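Working notes, beginning with the structure itself.
The values are calculated or read from the model by the stated rules, or taken from the named source; none is laboratory data. Bear in mind that the values here come from a model prediction, so they are computed numbers and not experimental data. Reconstructed Cβ throughout: ideal geometry from the backbone, glycine too, with neighbour counts over all protein chains shown.
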Amino acid sequence: MAAIFFLILRTQVTRGRVLALGAVAAVAVGLAVAIDRSASPFDRAEAAYGLVDNYGLALLVPLTALVFGAAALGDPAEDGTLVYLWHRPVARWKLAASALAGAVAIAVPFAVVPTALAAAVAGGGADLVAGAALASLVAVVAYSTLFMGLGLVVRRALAWGLAYVLIWEGFVARSGTGPARLSVLLYARSILAEVAGHAPPRLGASTSVAIAVPVVLAALALAATAQFLRRIDVR
């Protein structure tokens, strides 16, 4: 498992991805600096919360998880190198778990750390920093697992993932309780609001539910990915 984990780390951290996602993360910190320098104390707290909510959780976290999650098994499947992993004498769930661990390990410094850092730089206070870290970490794990399976099953996983993030979570999930339950962002925002002591979002969930549901979704997605790895014929 360790060999697969480090292989994912080496192959997925490309210069293009580092530069692109590093720039997106840098924007979060840059906006935080602007908030800290220009807003009044009261406005600063609200602006810092809005930055974490609307930029960190709604854009930076899912985008980063999509890029690295979809590539974890999607890239090897597309370029034909998955056969070398598939033929290793490793249980398929261990292969999926190792790939997920690699994707999450890469995503954390590009998404979780900048989101929490932006909360601190913007002057949001310790509670907001803690909420940003916990909410973004839970979201990264959930998104990475979902997008890892997507990258293995379908081509153009980035396009499908973006459609989910921008269309489903951005618009459809806000229309009612039913669609909202299928939105990772809803649960991340609920965690952020609870830990930061902020008013809960519309259609929000309790903290226990907001943590449990993404974990369950991630477990189911991981199991589905492992099952797919058992059934496919890799050549």
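Summary of computed values
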quantity	calculated
Per-region count, segment 194-209, residues without any contact (Cβ under 8 Å) to a residue 60 or more places away in the chain and touching a Gly at 6+ places or on another chain (Cβ under 8 Å)	1
Filter result (of a type in the set (Ser, Thr, Tyr) and not in a helix (DSSP H, G or I)) within segment 56-104	Thr81
Which listed residue, of Ala47, Ala23, Ala3, is exposed (fewer than 13 other Cβ atoms within 10 Å of the Cβ), modelled with pLDDT of 90 or more and in a helix (DSSP H, G or I)	Ala23
Whichever residue in segment 149-174 is under 18 Å from Val213 (Cα atoms) and hydrophobic (A, V, I, L, M, F, W, C) and, among such residues, is modelled with the lowest pLDDT	Ala173
Helices (runs of 4 or more DSSP H) enclosed by segment 132-235 - at least 3 residues per element that are crowded, with 22+ Cβ neighbours inside 10 Å	184-196, 207-231
Among residues of segment 187-223, those that are under 27 Å from Ser98 (Cα atoms) and of a type in the set (A, V, I, L, M, F, W, C), counted	16
